[in-house]
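Structure, as structure tokens:
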Amino acid sequence: MALIVQKFGGTSVGTVERIENVAQRIKKFRDRGDDIVVVVSAMSGETNRLVALAQSIDDKPNAREYDVLLSTGEQVTIALLSMALNKLGVPARSYTGTQVHILTDSAHNKARILDIEEKNMRSNLNEGKVIVVAGFQGVDEEGNITTLGRGGSDTTAVALAAALKADECQIYTDVDGVYTTDPRVVPEARRLDKITFEEMLEMASLGSKVLQIRAVEFAGKYNVPLRVLSSFDEPNFDSDDHTNNGTLITYEEDEMEQALISGIAFNRDEAKLTILGVPDKPGVAYSILGPIGDSNVEIDMIIQNISADGTTDFTFTVHRNDLEEAQRVLTQVANDLGAREVKGDDKIVKISLVGVGMRSHAGIASKMFKSLAEEGINIIMIATSEIKISVVVDEKYLELGVRTLHSAFGLEEK
Ligand code: ADP
Ligand code: ASP
Ligand code: MG
């Protein structure tokens, strides 16, 4: 029998009734003899509610107190789920991140897991108990509560699976696996039986929120078998080929069908900044991007225009939350450099094609650009790497752009 870590997201524990359904599912695994460690998120909408509460007091709330507040959502669900399990006759114990001792660094709101103590969990498992752990939270060296960034319960689950050397980490959510793109945007999207860590990592970094990026990184690094499944489907204990068993994230295998493109990701969270008429001389990129980096704003895509009349334009993207700060810093830089103007625009989206098959195929980019052009979609920025091509377009073209590319590359067909 196996040791399985099962993570249930916000929608899956969104009501008491759903929590009781989750308890029933866990019982089915226990009845087969599996050892189960459960990770839960806050009930759906709860973390957003807490964020809004904090912001009603302060736009930039104190980071330590913000984590104390946000971590309460998960404490509610671990208790309720443990009660539901105990009521079904399945002995269960809830643990906060501090109680398990999920040690993190002190970077509040985006802490990284450093170490997990497994001693207590092991002895509970040996006594036949189900362990129910609060996702998304940890504790630093000084005993302060930390949180791992939005969507961080995925990372808690994978980190626990790695620490306990679990046989599988199952991420239960409101869709039955990883699709070629977000099925809420393209209803024809197709579920993938398998996807490589590398592709999943690109999809997550490029905006697919089905798994938190750090969870995929962790799973790849520590070789954790990771599966995404629906918490609303019945568990399928019989199938060897895992039909209806969600999507397995796996290493690249030789016999794996090498799709050219495995998926399309999009990101609505970026904004674009342009500094116009910068006197062009060596070191100009550094003098623009250096101060942005110093103010802790992360930069994603960058383009510099060819210079005309000794001046150049420079465009880059940042997270929408950082637009105001970046614009403030850039305006100062523009003054210092004698640039003409600074412009900010948050009405953009980034759409990306991802696929390991791209490595060995030419012509993908031109097909992508042609398909977008035929729909009258103007491309504002382009970035490529070995296994992805990203374009920035006006946000009003998000749905049309994703649907167009999905059908141009035949992603709805196997
Ligand atoms: P949970 O609360 O369970 O963590 P999330 O909302 O974080 O759930 O993630 C699941 C959602 O991810 C789905 O409802 C879906 O809309 C979205 N999603 C985005 N891209 C994809 C994709 N490629 N495949 C499946 N779901 C996706
Ligand atoms: N509750 C947290 C969030 O909404 C963590 C998670 O659900 O993974 O971001
Ligand atoms: Mg999530």
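FYI, it's all coordinate maths here, none of it is from the lab. Everything quoted here is computed from the prediction, not taken from an experiment. When we count neighbours, we look across all protein chains shown, and the Cβ atoms used for this are built from the backbone with ideal geometry, even at glycine.
Of note:
- Taking every Cα-Cα distance in region 259-399 and sorting them into 5 Å bins starting at zero, the pair-distance distribution P(r) comes out as 2, 9, 19, 18, 18, 14, 11, 7, 2, 0 percent.
- P(r) tail, region 189-248: Cα-Cα pairs separated by more than 13 Å, 64% of all pairs.
- Eligible lysines near K414 by straight Cα distance, threshold 27 Å, same-chain separation 8 or greater: K194, K209, K350, K367, K370, K388
- GluC sites (Glu not before Pro) restricted to region 299-383 and DSSP loop, no more than 16 other C-beta within 10 Å: E375
- Straight-line cross-link partners of K28 among the lysines, defined as a Cα under 24 Å from its Cα and at least 8 positions apart when in the same chain: K7, K87, K129, K165.
- The trypsin sites (Lys or Arg not before Pro) of region 126-166 meeting both criteria, a DSSP state outside H, G, I, E and B (loop) and at most 16 other C-beta atoms within 10 angstrom of the site's C-beta, are R150, K165.
- Ordering N48, L85, V68 by Cα displacement along the dipole of region 35-123 toward the positive end leaves L85 in first place; charges were set at the Cβ atoms of Lys, Arg (+1) and Asp, Glu (-1).
- Region 300-345 - charge dipole about Cα centre, Lys and Arg +1 at Cβ, Asp and Glu -1, debye rounded to 20: 40
- From the C-alpha gyration tensor of region 19-157, square roots of 5λ in Å: 28, 17, 10
- The loop-placed trypsin sites (Lys or Arg not before Pro) in region 301-378, going by DSSP, that have at most 11 neighbouring Cβ atoms within 10 Å of their Cβ come out as K347.
- Rounded to 5, the percent of DSSP beta bridges in the chain classed as antiparallel: 60
- Each listed q (0.16 Å⁻¹) maps to a log10 I(q)/I(0) for region 111-166, found by the Debye formula over equal Cα scatterers with no solvent: -0.51.
- For region 325-414, the normalised intensity computed at q = 0.13, 0.15, 0.22 Å⁻¹ comes to -0.55, -0.67, -1.04 (log10 of I(q)/I(0), Debye sum over alpha carbons, equal scatterers, no solvent).
- For region 199-330, size of Cβ-based charge dipole, Lys and Arg +1, Asp and Glu -1, in debye: 780
- Across region 342-410, Cα pairs under 8 Å and at least six residues apart give a relative contact order of 43 percent.
- Stokes-Einstein D in µm²/s, Kirkwood radius over Cα pairs - region 44-95 at 4 °C with 1.567 mPa s viscosity: 104
- Value in Å of the Kirkwood radius, where region 123-282 supplies the Cα pairs that are averaged: 17.8
- With a cut-off of 13 Å between beta carbons, the residues surrounding R214 carry a summed charge of +2, where Lys and Arg count +1 and Asp and Glu -1.
- Percent RCO, i.e. relative contact order, over region 174-306, from Cα pairs under 8 Å lying at least 6 residues apart: 30
- In this Cβ point-charge picture (+1 for Lys and Arg, -1 for Asp and Glu), region 96-187 has a dipole of about 80 debye about its Cα centre.
- The value of relative contact order for the chain, using C-alpha pairs under 8 Å at least six residues apart, is 13 percent.
- Charge sum, other residues only, whose C-beta stays under 14 Å from E386's C-beta, Lys/Arg counted +1 and Asp/Glu -1: -2
- The alpha carbons of the chain give a radius of gyration and a Dmax of 23.1, 78 Å, in that order.
- Local charge for D59 was computed over the other residues whose Cβ lies under 12 Å away, with Lys and Arg +1 and Asp and Glu -1, and equals -2.
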